[in-house]
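For reference, the structure is listed below as C-alpha cells.
The values are calculated or read from the model by the stated rules, or taken from the named source; none is laboratory data. On a predicted model such as this, the values are computed, not experimentally measured, just so you know. We place every Cβ from the backbone using ideal geometry, glycine too, and count neighbours over all the protein chains shown. Note: accessible area is taken over every heavy atom of the protein model, side chains too, but ligands, DNA and RNA are not part of it. Shrake-Rupley method; radii C 1.70, N 1.55, O 1.52, S 1.80 Å.
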Amino acid sequence: MGTALSACGGGKGEPTLKRAYGETFYVGAAVSPETLVSDGELILREFGGLTPENIMKPGPIHPVESRYDFREADRLLDFAEENGLLVHGHTLVWHNQTGAWMFRDGAERASSALLDRRLEEHISSVAGRYRGRIAYWDVVNEALSDGPGFYREDSPWYEIMGPEYIEKAFRYAHTADPEARLYYNDYNAVDPVKREKIYTLASELLEKGVPLHGIGIQGHWSLEWPPLADVEAAIDRYASLGLEVQITELDISVYEFREREALYDGPSRELMERQARRYGDLYALFARKGDALAGVTTWGVADDHTWLDNFPVKNRKNWPLLFDGEGEPKPAYYAALEGAKEIP
Ligand code: XIL
C-alpha cells in the first residue's frame, strides 16, 4: 500500500483518529498478518489498538488437540508491544472457526465432561500464554439466538455442555489472565430484542459473580441500519450494569444485508458521501458516549481487505471502512474525525 502515506496526514499537530479520540476511548482496527505489514505505517499513525481478525480464533490457534500454532499471534503481540498498541484478543470460545476435533471423541460426540476439560485447557493455554499482555479478551462470541429462543441452541458448545459453558469460559479466562478485561461479544447487539437477551445474560452472570467486565457490540452495520437511537439505547443499557462497552467490529456496508441487485461498479462520490454522513453521525454519538465506551474498533483498516467482499454474498465488492484501497482517507474518515467535536 501507498508509500505516500507518511506524506498525507498525521504530521505534527495534524489530527488523526488516535489523537482525536485517544483520551476518550481507544481506536482499534482488526488486522491480518498481511495488513499488519502492508498497512503498518497507517496503523501506527491512526490506531491505538489491534484485534487479530482470525489468528487467535480457536481453529487457527489450536488446529488439532495436541498442537497449538502461536506463531502469528506471537508476531502480532510483539508488533503491538514494540509500538505501544493495546491488543483486544478475539476470541476464546465461538461456534465458528473451531476445529471439528474439539467436539469429537473418536467417532462419537465428545461428552460434556471431556468438552469442559478441553475448554479449560484451551483457555488456560491461550489466555495463559499471553497473560498480562492482552488488555481485552472476547471470551465468548455470539452465544445468543437471533430467533425466538434465548441461547444459540445449534452451537456445539450449547448442545454438549448446555449454557454453563459460558460462565465456565469466563472463570477459566480470569484464572488464566486475572488482569485482562473480559468481554461478551455479539452482533445485532443493538437490536432491542437481542439487546435484552444480552442484558439478561450479563445480569445473570454478574449476579453469580462471574468475571464479566464488558460487552462488545460488533457493529456490522449499513448505510440505513440500525437507527442511531438503538445504538445509543444499547450502549446505555449495558453501561447501566456497570459494564464497559466497546464497538468491536465496526464496518458500514454500502449494501443492505443480502441485497444482490443494484451492485455498485465502484465507490462513487455520492455513495461515499452518504457513508461519510453515517460514519459522522456514529462517531459523534460515540464521542458523546465516551464515558461508557472503552474502545471503537473497525473490522479492518482499508477497503482493499474486508470480509464484506464475501459476506453475506460472495464476490460482492464492498467499501465499508475509513480508508480506501490505497490507504488514503475517505470522506468517512474526515466525518469520523469531525465527530470528536462532540466530546464533552
Ligand atoms: C470474520 C473474518 O473477518 C473473516 O476473515 C473470516 O473468514 C470469518 O470471520 N463476527 C466476528 C468475526 O466475531 O470473528 C468475524 O470475522 C466477523 C463476524
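Tabulated data for the structure shown
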read-out	value
The chain, Rg to Rh (Cα coordinates; Rh as Kirkwood inverse mean 1/r)	0.96
Summed residue charge, Cβ within 15 Å of SER66's Cβ, Lys/Arg positive, Asp/Glu negative	0
GNM result for the chain, Cα springs below 10 Å: residue of PRO15, PRO148, PRO178 fluctuating most strongly	PRO148
ASP251 long-range amide H proximity, modeled H, under 5 Å	HIS220, TRP221, TRP299
Listed residues LEU114, LEU85, LEU293, most fluctuating in the chain (Gaussian network, C-alpha, under 10 Å)	LEU114
Net charge of Cβ neighbours under 15 Å - reference ASP281; Lys, Arg +1; Asp, Glu -1	0
Linear extension gain, GLU224 paired with SER124, 0.36 nm per residue minus alpha-carbon span	31.9 nm
Between the stretch 176-249 and the stretch 41-64, the alpha-carbon center distance in angstrom	21 Å
Within the accessible area of the chain (1.4 Å probe), percent carbon and sulfur	50 percent
Rounded to 5, percent antiparallel among DSSP beta bridges of the stretch 12-121	35 percent
Packing-based ranking, highest mean first, of 304-315, 161-172 given that Cβ atoms within 10 Å are counted	161-172, 304-315
Rg over Rh, two decimals, the stretch 74-133 (C-alpha only, Kirkwood Rh)	1.10
Label-zone membership for the stretch 136-180, site ARG109, 7 angstrom Cα→C-beta point, backbone N under 19 Å	143-145, 149-166
Relative contact order, percent, the chain [alpha-carbon distance under 8 Å, six or more residues apart]	17 percent
Sparsely packed GluC sites (Glu not before Pro) within the stretch 25-108, loop by DSSP, other Cβ within 10 Å at most 14	GLU65
Choice from GLY327, GLY219, GLY242 showing the highest fluctuation, given a GNM over the chain with Cα pairs closer than 10 Å	GLY242
Heavy-atom SASA rank of ARG288, ARG75 (probe 1.4 Å, accessible area, largest first)	ARG75, ARG288
Derived scalar couplings ³J(HN,Hα) [the stretch 118-129; Karplus, 6.51 cos²θ - 1.76 cosθ + 1.60; whole Hz; x for Gly, Pro]	5, 4, 5, 5, 4, 5, 5, 6, 7, 5, x, 4
Rounded to 10°, Cα long-axis angle of helix 228-239 versus longest principal axis of the chain	40 degrees
Spatially proximal lysines relative to LYS341 (Cα-Cα < 28 Å; intrachain offsets below 8 disregarded)	LYS12, LYS18, LYS289, LYS330
VAL37 versus LYS208: modelled label distance in nm, points set 7 Å from Cα along the beta carbon direction	4.4 nm
Tail beyond 22 Å, pair distance distribution of the stretch 3-138 (Cα, percent)	45 percent
Cα centroid of the stretch 143-161 to Cα centroid of the stretch 79-107, whole Å	20 Å
Considering only the chain, percent of DSSP beta bridges that pair antiparallel, nearest 5	10 percent
Angle between the chain longest axis and helix 71-82 axis [Cα atoms, degrees, rounded to 10]	50 degrees
Packing rank of 119-127, 263-271, where each peptide gets the mean count of other beta carbons within 10 Å, highest leading	119-127, 263-271
